[in-house]
1. How do the pairs read when you match residues in the range 21-34 that are within 10 Å of LEU9 (Cβ to Cβ) and in the same structural domain as LEU9 (by TED's automatic domain parsing) with residues anywhere that are of a type in the set (A, V, I, L, M) and assigned to a helix (DSSP H, G or I), using Cβ under 7 Å and keeping only pairs 6 or more apart or on different chains?
2. I'd like to know if the range 42-52 contains one or more residues that are of a type in the set (Phe, Trp, Tyr) and outside any helix (DSSP H, G or I).
3. Please give the number of the condition ASP113 fails out of (1) surrounded by 10 or more Cβ atoms within 10 Å (Cβ to Cβ); (2) at pLDDT below 90; (3) among the charged types (D, E, K, R).
4. Suppose we filter the range 1-41 for residues that are of a type in the set (Asp, Glu) and part of a loop (DSSP other than H, G, I, E, B); how many remain?
Amino acid sequence: MQGQYQNDLKGLVFNNQDDELPKIPGEYILENVFQIDVNRSKWLDLAVLFSMIVIYRLLFFVMIKMSEDVTPWVRGYIARRRVQNRRQRKVELAARSPSLRGYVVDVASLPGDLP
């Protein structure tokens, strides 16, 4: 944004509110209102802009490549854990014997007229 302002305002002269006061140069607005260093070259600003584009593209590329490598590993890890948990449950279920406790009636809790 600084380069844009510098490009637009450098060399311009603005009228003051009162005609008796001197005109306001664009450099004054850049230095005092926007606090932009006018001695810096616009080519330096352009170089910073292009370097930011390159850096962000490289960063995005690295993120994509890492997600391509990490995602299959995470999915494999989750699948291995699920298979392991299923095997443990099968072993636990096979070790238990079927119970008929839910079907057995306690004789003491029956009323007296039933055998």
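1. Short answer, once both residue conditions are applied: GLY26/LEU9; ILE29/LEU9; LEU30/LEU9.
2. Here is the first cut: in the range 42-52, the ones of a type in the set (Phe, Trp, Tyr) are 43, 50.
With the extra rule that they be outside any helix (DSSP H, G or I), the set shrinks to none.
Among the residues of the range 42-52, not one is of a type in the set (Phe, Trp, Tyr) and outside any helix (DSSP H, G or I), which makes the answer no.
3. Of everything listed in (1) surrounded by 10 or more Cβ atoms within 10 Å (Cβ to Cβ); (2) at pLDDT below 90; (3) among the charged types (D, E, K, R), ASP113 misses just condition (1).
4. The initial filter retains those residues of the range 1-41 that are of a type in the set (Asp, Glu), namely 8, 18-20, 27, 31, 37.
When the remaining residues are screened for being part of a loop (DSSP other than H, G, I, E, B), the result is 18-20, 37.
Count: 4.
The values are calculated or read from the model by the stated rules, or taken from the named source; none is laboratory data. Quantities reported herein were computed from a predicted structural model and do not represent experimental measurements. Note that each Cβ is placed from the backbone with ideal geometry, even for glycine, and that neighbours are counted across all protein chains shown.
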